[in-house]
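Beneath this line is the structure, given in structure tokens, with notes to follow.
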Amino acid sequence: MKRDLATWYSPSLQKEMPIVSYGYYGFVLLLVPTAAADYLEYERFQLMDTLAPLINSGKLRVFSINSINNESWLNNEMGGEHKAIRHNQFNNYVFDEVVPFIRTNTSAETPIITCGASFGALHSMNLFLKRPDLINGVISMSGVYDLTEYTKGFYDNQVYFNSPANYIPNLTDDWYLSQIRRSNHIHILTGSGDYEDPNASSNFSNMLNNKAIRHELDIWGTEWKHDWPTWRAMLPYYLENKF
């Protein structure tokens with residue numbers, strides 16, 4: 001499997017940010033790490049091994065980026081308003097730097113699908129919903145979609161605007177709604193086993209239904225826990241059968 005590493009000093013984040021890509025061709029799957037993890041997390045937990053046949057066949061090309069959650073919502077030494085500022089800088093990094101990098105290495109027409117598990121599921125969904133003109137769809141696994149689950153009681157406008165479960169019910173802008181509704185690939189996946197929260201996925205699905213946003217909700221059984229074996233089964237299945 002072709003594997004390429006790159007890095008640059010991010011103007012948005014004011015730090016060096018590495019990125020890894022796998023494969024040559026196909027639509028782009030942009031992986032956002034879980035919690036405090038880095039750009040090689042999905043590789044370390046053998047998810048890339050399970051995707052290798054799809055990557056090698058040219059069905060998709062994967063790009064994986066670092067998280068900065070340790071510098072925002074998981075940083076207990078930082079005030080809430082500064083966590084929100086840092087989170088918005090991460091969004092800018094993805095929109096203004098990562099997407100152009102992907103375009104340079106693929107094409108202007110290549111679809112980009114964000115994807116993540118756990119905290120990465122929330123970020124992946126939020127990135128798609130905020131810029132559906134840049135990002136074409138999302139696969140969210142085992143997520144909650146209310147950012148206040150991570151903000152330790154802090155709440156302001158920036159939390160609201162990065163919390164899909166907060167802003168989607170109030171979204172009335174026709175441009176955003178029309179862009180979001182164009183997507184054929186909004187997939188909300190979860191298990192029902194230990195440490196999973198299928199109700200969070202169901203509740204968010206209902207919010208999308210209320211906005212006439214076409215999507216797929218798939219709740220797996222109690223044998224599927226909030227852990228890597230679940231995600232190693234879910235993601236290849238959806239990429240092979242739904243794309």
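The values are calculated or read from the model by the stated rules, or taken from the named source; none is laboratory data. What you are looking at is a predicted structure, and each value in this text was computed from that prediction instead of being measured. Using ideal geometry, Cβ is built from the backbone for each residue, glycine included, and neighbour counts are taken over all protein chains shown.
Note on the stretch 1-44: among residues that are surrounded by 15 or more Cβ atoms within 10 Å (Cβ to Cβ) and at positive phi, the one that is modelled with the lowest pLDDT is A35. Selection over the stretch 45-88 of residues that are among the hydroxyl-bearing types (S, T, Y), surrounded by fewer than 21 Cβ atoms within 10 Å (Cβ to Cβ) and in contact with a Lys or Arg (Cβ under 8 Å, 6 or more places away or on another chain) gives a count of 1. When we screen I102, I112 for residues that are in contact with a helix residue (DSSP H, G or I) (Cβ under 9 Å, 6 or more places away or on another chain) and among the aliphatic types (A, V, I, L, M), the only hit is I112. Taking the criterion of being without any contact (Cβ under 8 Å) to a residue 60 or more places away in the chain and either of a type in the set (D, E) or farther than 24 Å from F243 by Cα (or both), the residues of the stretch 15-36 that qualify are K15, E16, P18, A36. Restricting attention to the stretch 198-217, which residues are of a type outside the set (S, T, Y), over 14 Å from M125 (Cα atoms) and in a helix (DSSP H, G or I)? Residues satisfying the conditions are P198, N199, N203, N206, N209, N210.
Being of a type outside the set (F, W, Y) and within 17 Å of the chain's Cα centre (by Cα) is the requirement here; does T190 meet it? In short, yes. Cβ separations smaller than 6 Å between residues 6+ apart or across chains give the following pairs from the stretch 145-172 residues that are more than 12 Å from K83 (Cα to Cα) and β-branched (V, I, T) to residues that are assigned to a helix (DSSP H, G or I) and modelled with pLDDT of 95 or more: I168/M207. In the stretch 223-235, the residues that are over 18 Å from I55 (Cβ atoms) and free of Cβ contacts under 8 Å to residues at least 60 places away in the same chain form Cβ pairs under 7 Å with partners that are β-branched (V, I, T) and surrounded by 18 or more Cβ atoms within 10 Å (Cβ to Cβ), at six or more places apart or across chains, as follows: W224/T230. Based on what the data block shows, is S142 at pLDDT 95 or above, in contact with a Leu (Cβ under 8 Å, 6 or more places away or on another chain) and on the phi > 0 side of the Ramachandran plot? So S142 fits the description; yes. For the stretch 99-151, give me each residue that is among the aromatic types (F, W, Y) and surrounded by fewer than 24 Cβ atoms within 10 Å (Cβ to Cβ). Those that are among the aromatic types (F, W, Y) and surrounded by fewer than 24 Cβ atoms within 10 Å (Cβ to Cβ): F101, Y150. Taking the condition over 16 Å from K2 (Cβ atoms) and in a helix (DSSP H, G or I), does T34 pass? No: the conditions fail for T34. With respect to the numbered conditions (1) touching a strand residue (DSSP E or B) at 6+ places or on another chain (Cβ under 7 Å); (2) assigned to a loop (DSSP other than H, G, I, E, B); (3) over 15 Å from A121 (Cβ atoms); (4) not small (G, A, S), which one is the sole condition not fulfilled by L239? Unmet condition: (2). Taking the conditions (1) modelled with pLDDT of 95 or more; (2) within 17 Å of the chain's Cα centre (by Cα) in turn, Y150 satisfies each one other than (1). Taking the stretch 205-231 as the range and being surrounded by 13 or more Cβ atoms within 10 Å (Cβ to Cβ) and within 14 Å of P164 (Cα to Cα) as the test, the residues that pass are S205, M207, L208, K211, I213.
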